[in-house]
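Asks: Quick one: structure below, then a few questions.
Since every read-out is calculated from the coordinates, none of them should be taken as a lab result. Here the structure is a predicted model, which is why all the values come from computation and not from measurement. Cβ sites come from the backbone with ideal geometry, for glycine too, and all protein chains shown count toward neighbours.
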Amino acid sequence: MEQVFSYIISLGASVMMPIIFTVIGLCIGMKFGKALLSGLYVGVGFVGLGVVTALLTTNFGDPLTAISKIYHLQLNVFDMGWPAAASVAYNTAVGALIIPICLGVNFLMLITKTTRTVNIDLWNYWHYAFIGAVAYFVMDKSLAWGYFAAIICYIITLVFADLTADRFQGYYKDLDGISIPQPFCQSMVPFTWCINWLLNKIPGFNKLDIDAEGLKKKFGILGEPLVLGVLVGVLIGAVAHQNVKDILFLGITMGAVMELIPRITKLFIDGLMPISEKTKKIIARKFHGKSVNIGMSPALVIGHPTTLVVTLLLIPTYL
């Protein structure tokens, strides 16, 4: 079983996601051609995202290393990223059955009206497997505790996905009927609510309009994500004491990333929205018109201007 999951993980999201969503499309009654096209759009989106991410990491690795040396920053821990975590999660006793178990829990919550989210983001079920695996090893390899932790995490995530769905859909106008049921997204919700409540208590602060659209209105071309990308790239190059040529190249590279990611994100939307719409119709028919949200990957919003601007600003902030 471990070899099977290792092989599946080794295929990567760009191969597995088209397969998964093509199968999902067929299961919900889509024609083969449309299901395949939806899956391929998602796969191409992951390839494009990988290319842009590689462009970013390849060109910014040396400047960030230089910054850590110049300013004596202690950056001794290497982040392996989600592929390593997913591989570990699915190759455990808990990970072997996490997908069917969580789907069963989701179905029970739907019929008991304790959730409005149908989580079809199967690839990201590794999060629950990872939580379960941690509990499994901490509790002396207790499979019961492992699955208990994974299921509790799944339930809490669905509940928070429901609580945030309306605001999420209100902000991202083209994602009606979509929620984001991933632990790494929803785990920050209580913290975000508290910070937002505190900021709203500051006189005048709640009247500030500083999202991407607000920046465009206030600063014109300087508020454009493309221009902000160039400026942040130039700033990082300058702080790293690079020469003028390399500084300008970093600026253009970061600007390219900021411009390309929204275009790539459209591929995810083109692939996932037909499946989302079809799923909503089936659920509404089976549950007598009940309104549901379709749980999707947060990759859908990675290209939004506000997401990109915040990401850019966090790079120097974290350093």
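Asks: Give the shape of the chain as rounded, prolate or oblate, defined through the alpha-carbon gyration tensor: a ≥ b ≥ c are the square roots of its eigenvalues, a/c under 1.5 means rounded, and otherwise the shape is prolate if a/b is larger than b/c and oblate if not.
Replies: The shape class here is prolate.
Asks: Residues with amide H under 5 Å of Asn293's amide H, sequence separation 5 or more or different chain, H placed in the peptide plane at 1.01 Å from N; which?
Replies: Thr117, Val118
Asks: What list do you get for Lys207, Lys69 if you sort them by fewest beta carbons within 10 Å? It would help to have the intermediate numbers written out before the result.
Replies: Values: Lys207 7, Lys69 11.
If I rank by nearby Cβ atoms, fewest first, I get Lys207, Lys69.
Asks: Can you sort Phe130, Phe107 by how many other beta carbons sit within 10 Å, fewest first?
Replies: Phe107, Phe130
Asks: Stretched out fully, how many nm does the piece from Asp174 to Leu248 gain, at 0.36 nm a residue minus the Cα gap? Walk me through the numbers before you get to the answer.
Replies: On the way: separation 74, 0.36 × 74 = 26.64 nm, distance 3.49 nm.
23.1 nm is the gain from fully extending Asp174 to Leu248.
Asks: Rank these for me by crowding, Met30, Met17, going from fewest to most other beta carbons within 10 Å.
Replies: Met30, Met17
Asks: Hey, in the GNM for the chain with a 10 angstrom Cα cutoff, which one of Arg167, Arg263, Arg116 fluctuates hardest?
Replies: Most flexible of the set in this elastic network: Arg167.
Asks: Which of Pro298, Pro100, Pro63 moves most in a GNM of the chain, Cα contacts under 10 Å?
Replies: Evaluated over the chain, the most mobile residue of the options is Pro100.
Asks: A further question follows. Using a Gaussian network model of the chain with C-alpha springs under 10 Å, which one of Phe205, Phe287, Phe168 is most mobile by mean-square fluctuation?
Replies: Looking only at Phe205, Phe287, Phe168, the largest GNM fluctuation is found for Phe205.
Asks: With everything on Cα atoms, drop me the angle between helix 244-286 and the longest principal axis of the chain, reported from 0 to 90° to the nearest 10.
Replies: 20 degrees
Asks: Oh, and also: R0 = 22 Å: FRET efficiency of Val310 with His241, Cβ-based, nearest 0.05?
Replies: Numbers: r = 27 Å, r/R0 = 1.21.
Once rounded, the FRET efficiency stands at 0.25.
Asks: Then there is this: Which of the three applies to the range 82-202, rounded, prolate or oblate, going by the alpha-carbon gyration tensor with a ≥ b ≥ c and a/c under 1.5 meaning rounded?
Replies: Note, shape of the range 82-202 comes out prolate.
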